[in-house]
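Student: Right, I'll just put the structure down here and ask away after.
The values are calculated or read from the model by the stated rules, or taken from the named source; none is laboratory data. From a predicted model like this one, the values you see are computed outputs, not experimental measurements. Neighbour counts run over all protein chains shown; Cβ positions are idealised from the backbone, glycine included. The accessibility values were calculated without ligands, DNA or RNA, using every heavy atom of the protein model including side chains. Shrake-Rupley method; radii C 1.70, N 1.55, O 1.52, S 1.80 Å.
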Amino acid sequence: MAMDSKTKVFSYRGSMYLLLTMLILSLIGGFIIYRYSLLSHLNSENVLDVVIFYAIIGVAVATVMIALLLALRLSRNLRSLARAAQAMENGADLDSMPEFANDELGDLSRHIIDLYGRLRQASSDVEREHDKALHEQQEKLRIKRQLTNNINHELKTPVAAIQGYLETMISSKDMSDQERMSFIEKSYAHCQRLTQLLQDVSTITRLEDGSSHIVCESVDLRPLIDEIAAEVALLPDDKRMRVNIELPDQLMVKGNSTLLMSIFKNLTDNAIAYSGGRDIYIRLMDKDSGFYTLSFSDNGIGIDEEHLVHIFERFYRIDKGRSRKLGGTGLGLSIVKNAVLFHGGDISVKNRKVGGLEFTFKLPQA
Ligand code: ADP
């Protein structure tokens, strides 16, 4: 819409100057002819009348013609501008705007339409942003509602079990000590599950709600991973796995140490609980564009491809009974994924060709 500044534009101001010049020239011309007629001693009265008459007629005709042309041009442009204003009021597209003459008013009209175009663009940008924010808010609410429903469901099982054991113990006075002890132990196991569940839910909620309150600093991953490996080494034989670490002595990451710890802890706990393998491998694969690419894998049974796409979902468990029995909440990998995303990285998972599961993820270098 914007005009090329070099384009020749018809000027109303110029036309007005032209009119004025014509008027002055006609008057000067009339005056000269009048003087000439006096000097040549002709019939001065007659010549004077004729000259004045023709000069006035000439100026009047020329002025009226030019003024008429100007008025016509002006009114045509004003009508176009009025049509454009009406179209703008109806929110019409820029393509449907009328064409304007190549003059000052046309120039002004094009500027107005240009402004209208920019205003339309700005308001549609704002609208789009608003829609996006609304959609995100609704999605967050939906996820929160879903999480609450799932938590309710997950809480019911251990609470009902504890209640059942306690009721049985209250009503069965003649219960043997051994039986009573076993009920107490089972109730305790369910309490532990409840505690784990509440901890996981609080981590997830913290990640989703208060990302801005989570402190990030320079964290060395090495001692953190060594600590996990040392814990695994203390496990009983049937649970112990070899933790093979192929990392530099120092690996500085910009992040939150609690969340970074929960990434490696959850992956390790899962490998021990579900993989059935003997080894865990933690490797540095790559470092570029400000990120470390890490691999966490085991040499166990892996996961069927149909489940693989879902395992980062909240409360997704392949074998529900087994997961519950092992104290799983179904939130472990969801926490891992959210924690990686919180650090600005991404995570993927695949079955290794040689067997076992491999997680590859990025964490920011400090
Ligand atoms: P859970 O609380 O049940 O451990 P997760 O989100 O941590 O929940 O894991 C989801 C499911 O993925 C688990 O129930 C388990 O079946 C499967 N899984 C996770 N890690 C492994 C692994 N290393 N090998 C085999 N299966 C795994």
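Student: Being out of contact with any helix residue (DSSP H, G or I) (no Cβ under 8 Å at 6 or more places or on another chain) and away from the ligand (no atom under 16 Å from the Cβ) is the filter; apply it to region 232-251 and report the residue that is most open to solvent (accessible area, probe 1.4 Å).
Tutor: Result: 234.
Student: OK, next. I'd like to verify a number: residues in region 252-271 that are among the charged types (D, E, K, R) and more than 14 Å from residue 357 (Cα to Cα), how many?
Tutor: Going through region 252-271 one residue at a time, the tally reaches 2.
Student: Then there's this: What pairs come out if I take residues in region 167-179 that are without any contact (Cβ under 8 Å) to a residue 60 or more places away in the chain and open to solvent by less than 60 Å² (accessible area, probe 1.4 Å) and pair them with residues that are outside any loop (DSSP other than H, G, I, E, B) and of a type in the set (Asp, Glu) whose C-beta lies under 7 Å away, six or more apart or interchain?
Tutor: Here the result reads none, with nothing in region 167-179 linked to a residue that is outside any loop (DSSP other than H, G, I, E, B) and of a type in the set (Asp, Glu).
Student: Read through the list (1) of a type in the set (Phe, Trp, Tyr); (2) within 26 Å of residue 314 (Cβ to Cβ); (3) more than 35 Å from the chain's Cα centre (by Cα), then give the number of the only condition that residue 264 fails.
Tutor: Here residue 264 clears every test but (3).
Student: Name every residue in region 237-255 that is under 20 Å from residue 287 (Cβ atoms) and assigned to a loop (DSSP other than H, G, I, E, B), in order of residue number.
Tutor: Scanning region 237-255 gives 247, 248, 249, 250, 251.
Student: List every residue pair whose Cβ atoms sit under 9 Å apart, with the two residues 6 or more apart in sequence or on different chains, where the first one lies in region 295-309 and is more than 13 Å from residue 350 (Cβ to Cβ) and among the polar types (S, T, N, Q) and the second, anywhere, is near the ligand (Cβ under 10 Å from one of its atoms) and assigned to a helix (DSSP H, G or I).
Tutor: Partner pairs satisfying both residue conditions: 299/275.
Student: Within 15 Å of the ligand (Cβ to nearest atom), among the acidic types (Asp, Glu) and either modelled with pLDDT under 95 or closer than 29 Å to residue 154 by Cβ (or both): is that true of residue 288 in this structure?
Tutor: Answer is no for this residue.
Student: A further question follows. Can you name every residue in region 294-323 that is part of a loop (DSSP other than H, G, I, E, B), near the ligand (Cβ under 8 Å from one of its atoms) and under 15 Å from residue 355 (Cβ atoms)?
Tutor: If the condition is that a residue be part of a loop (DSSP other than H, G, I, E, B), near the ligand (Cβ under 8 Å from one of its atoms) and under 15 Å from residue 355 (Cβ atoms), then 300, 301, 302, 303 are the ones that fit.
Student: Right, here's the next one. Which one of these does residue 274 not meet: (1) closer than 12 Å to residue 225 by Cα; (2) more than 35 Å from the chain's Cα centre (by Cα); (3) within 15 Å of the ligand (Cβ to nearest atom)?
Tutor: Here residue 274 clears every test but (1).
Student: Ok, one more. Residues of region 327-346 being of a type outside the set (Asp, Glu) and more than 7 Å from the ligand (Cβ to nearest atom), which ones?
Tutor: Listed by number, the residues that qualify are 327, 335, 336, 337, 338, 339, 340, 341, 342, 343, 344, 345.
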